[in-house]
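**Student:** Before I ask anything, here is the structure I am working with.
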Amino acid sequence: MRRLRLAAELGLVMGAAGCSSNGIVSPPPPPPPPPPAAASCSSVAALQLSVGEHQVIDPASTGGCVRVPAAGASGAEYVVVVTSTTGVRSQAGVSGSYYVRTSNPTSSIVAGGAPAAGPTLAPATGIGGLGFPVAPRLGQGPASTAFHDMLRRREAALAADPTNRAAPSAGPARAPAAGPPSVGDVRTFKACKEITCSQFDSVVATARFVGTKAAIYMDNTVPTADTLQDADYQNLGQAFDTYHYPIDLAAFGAESDLDQNGRIVILMTDAVNNLTPDCTNGRVLGYFFGLDLITTGSQAANSNKGEVFYTFVPSGSTAKCSAVSRSQALGVIKPTLIHELQHMISWNQRVIVRGGQAEETWLNEAMSHFAEELGGRLIPNTECVGFNSCRSQYISGDIINTHDYLADTESQFLVYPISSNGTLEERGASWNFLRWTIDQFATDTIIGSDLTKNLVTGPGGAATFASLTGVPFSQLVTEWLLATYLDDKAGFVPISDRLRFKSWGLRAIYENPLNAQIFPDGFPLKPDSTSGTYTHSGTLRGGSGRHFRLIQAANGPGIDFQVLKDSAGNGLDPVLVPRIGIARVR
């Protein structure tokens, strides 16, 4: 109304085509923005790919261009991934801007005769498909990942500080050999008091189970409502002794035994529950802290000087946390233990045995999540009461995290920043990348123990992958990202195994009607598609990227695809180690 009154006061006639009754001419509307510049790929030869074939391209060698020839009578389709393949870490993570533009060239070479079909590959020998209902896991959320982020950063600092190490000739300080504890043994432990672990609680606990490897202690002050029974301690301890420990030992190597008791302590205490009094954003379920394996220096005062895991306990509901029953607690503690045991082994193998640094967090977490997968594969389903299968109990979190990563790959890192322990989505990426690598390069492509043990003791991070596979990290990352979209895709037969997973059919799991409540969007990776003019700008993050589809109708024109730093035509920042991966789908 105010605008109408103002127009009347000025004597303007609303709706007249730029003129008023008093002869005043209103200014013309601004011109439309210019169309986006066409991709500048005229100097690049058209790429001739057979169906199922792929190529990895360094954009620095082609002006950021890939030129797809005109299609034949059957049309054609390609998937393209633009990625940063750097394995270098920085405090905030290596990232940089990118700009994609596509266009149809005025003339284009036509693709050669009938494309060659790829060979028929052996079916995947792993598990997956419609037989795997996924179970939501208690505790998922940023509060838990932030806590573990802090622990891994603290561990890296501890390992880097020479005052925390014993003299090389002496080795780590060890307690006098005392032998294993007995059931009923009472001991006082130090445990993190709050989420930053800057203060510690003294926890008095009693041994309730002592087996061949596990010694389970329960906090003496834990409330008795729905607390664990003797049979529960037996169940948890025997699962660790019979399955968790042998699986991780075979995959990653041995842990230390600084206190020379021959056992790994599992301390169950509500001190862990108290770390996350507000469970809105997840809760801490359990942890390992390398501080407990520090025996010298100023930090040793809060070390238990032995191998200890900490887990939460059953609890009633509070204003901001739901109740956790005995069965729920046991259900989530088991995958937590097999996960955390890998962290303990990694610390021993890298820091204590070899006197090196803690593993880069993204690879350390990838191996711990792979330990969960091994539990789901190798533990018999009869041991996973209350779950559809041990796959559901142990691996569901990894499947969910990977789904959430694939829903928005561009927003996440594979190579986490130094300041981060990885978002849940990034945990999914790192597990999935390691899983794909084992599929490609391990002798046993399902269990992969010949590769995983060497991963633990490798040079660290991206350098470990390059040294063990003999393939540049830049190529591995690009081919993995292509495989995340192409694996299990209906009608697609890859020429190379690199474009598939041998161990999983994740697309089938995400599209399984039994999982519709957890994955209502089905397979989450849905690339933008174009047949000609298209632009997109965004950010590349270390080890990750974005997918695109190039779709050509029958006898459709060629497509020029170009990726630059920005619309001004500047090249991508070389610090990203950018790559373009392209595969012909049909």
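**Student:** Rounded, prolate or oblate: which fits segment 446-586, taking a ≥ b ≥ c as square roots of the Cα gyration tensor eigenvalues, rounded meaning a/c under 1.5, else prolate when a/b beats b/c?
**Tutor:** oblate
**Student:** Using θ = phi - 60° and the Karplus relation 6.51 cos²θ - 1.76 cosθ + 1.60, list the HN-Hα couplings for segment 442-452 in order, rounded to whole Hz, with x at every Gly or Pro.
**Tutor:** Values, residue by residue: 7, 5, 8, 6, 9, 8, x, 5, 5, 8, 5 Hz.
**Student:** Modelling each spin label as a point 7 Å along the Cα-to-Cβ direction, I'd like the S74/S61 distance in nm, to one decimal.
**Tutor:** The modelled label-to-label distance comes out at 2.9 nm.
**Student:** Then there is this: Rounded if a/c is under 1.5, else prolate if a/b is larger than b/c, else oblate: which is segment 161-295, with a ≥ b ≥ c the root eigenvalues of its Cα gyration tensor?
**Tutor:** Details: a/c = 1.60, a/b = 1.20, b/c = 1.34.
Judged from the Cα gyration tensor, segment 161-295 comes out oblate (a/c at least 1.5, b/c at or above a/b).
**Student:** Mean separation of Cα pairs under 8 Å and 6+ residues apart, divided by the residue count of segment 511-586: what relative contact order is that in percent?
**Tutor:** Values: 40 pairs, mean separation 16.9, N = 76.
Taking the mean separation of contacting Cα pairs over the length of segment 511-586, I get 22 percent.
**Student:** Provide the packing ranking of 203-209, 362-368, i.e. peptides ordered by the mean count of other C-beta atoms within 10 Å per residue, highest first.
**Tutor:** The peptides rank, most packed first, as 362-368, 203-209.
**Student:** Sticking with this structure for a sec: If you count only protein heavy atoms with a 1.4 Å probe, what accessible area per residue comes out for segment 441-536, rounded to a whole Å²? Can you show the working numbers first?
**Tutor:** Working: 3610 Å² over 96 residues.
That works out to 38 Å² per residue.
**Student:** Next question, about the same structure. Where does the chain land on Rg(C-alpha)/(2.2 N^0.38 Å)?
**Tutor:** 1.15
**Student:** So, one more: Once you have the Cα-Cα distance between N381 and D450, take 0.36 nm times their residue separation minus that, and quote the gain in nm to one decimal.
**Tutor:** 22.3 nm
**Student:** Same structure again: Work out the FRET efficiency for Q229 and T206 from their Cβ-Cβ distance, taking R0 = 22 Å, and round it to the nearest 0.05.
**Tutor:** On the way: r = 15 Å, r/R0 = 0.66.
E(calc), rounded to 0.05, equals 0.90.
**Student:** For V186 and Q299, what is the calculated FRET efficiency with R₀ set at 22 Å and r taken between the beta-carbons, to the nearest 0.05?
**Tutor:** E between V186 and Q299, to the nearest 0.05, is 0.30.
**Student:** Which percent of the accessible heavy-atom area of the chain goes to carbon and sulfur, probe 1.4 angstrom?
**Tutor:** Carbon and sulfur together cover 55 percent of it.
**Student:** Full-extension gain between K489 and D566, please, as 0.36 nm times their residue separation minus the C-alpha to C-alpha distance.
**Tutor:** Residue separation times 0.36 nm, minus the Cα-Cα distance, leaves 24.5 nm.
**Student:** At a Förster radius of 25 Å, what calculated FRET efficiency corresponds to the Cβ-Cβ distance of S325 and K193, to the nearest 0.05?
**Tutor:** Once the sixth-power term is evaluated, E becomes 0.45.
**Student:** State the extension gain, in nm to one decimal, for the chain segment bounded by R153 and S43, taking 0.36 nm per residue of separation less the distance between their alpha-carbons.
**Tutor:** 34.8 nm
**Student:** State whether segment 336-438 is rounded, prolate or oblate according to the following rule on the C-alpha gyration tensor (a ≥ b ≥ c being the square roots of its eigenvalues): a/c under 1.5 gives rounded; otherwise a/b larger than b/c gives prolate, and the remaining case gives oblate. Kindly include the intermediate steps, with their values, before the conclusion.
**Tutor:** Working: a/c = 2.50, a/b = 1.17, b/c = 2.15.
The shape class here is oblate.
**Student:** Still on this structure: Enumerate the calculated ³J(HN,Hα) couplings along segment 249-260 in order (Karplus 6.51 cos²θ - 1.76 cosθ + 1.60, θ = phi - 60°), each rounded to whole Hz, writing x wherever the residue is Gly or Pro.
**Tutor:** 4, 5, 7, 10, x, 9, 7, 7, 8, 4, 8, 6
**Student:** Which percent, to the nearest 5, of DSSP beta bridges fully inside the chain are antiparallel? Don't skip to the answer; put the middle values down first.
**Tutor:** On the way: 52 of 67 bridges.
Once the DSSP bridges in the chain are tallied, antiparallel ones form about 80 percent.
**Student:** Something else: In Å², what does the accessible area per residue of segment 187-272 work out to with a 1.4 Å probe?
**Tutor:** That works out to 37 Å² for each residue.
**Student:** Might you report the magnitude of the Cβ-based charge dipole of segment 344-468 about its Cα centre, with Lys and Arg at +1 and Asp and Glu at -1, to the nearest 20 debye?
**Tutor:** In total the dipole reaches around 420 debye.
**Student:** What does the charge count near S419 come to, summing +1 for each Lys or Arg and -1 for each Asp or Glu among other residues with Cβ under 11 Å from its Cβ?
**Tutor:** Here the count lands on +2.
**Student:** Follow-up question, since we're still on this one. Under 15 Å from the 7 Å Cα→Cβ point of A250, by amide nitrogen: which residues of segment 444-472?
**Tutor:** 444-453, by backbone N distance to the label point.
The values are calculated or read from the model by the stated rules, or taken from the named source; none is laboratory data. Because the structure is a prediction, the values reported are computed rather than measured. Every residue, glycine as well, gets a Cβ built from its backbone with ideal geometry; the counts of neighbours run over all protein chains shown. Side chains included, ligands, DNA and RNA excluded: accessible areas come from the protein's heavy atoms. Shrake-Rupley method; radii C 1.70, N 1.55, O 1.52, S 1.80 Å.
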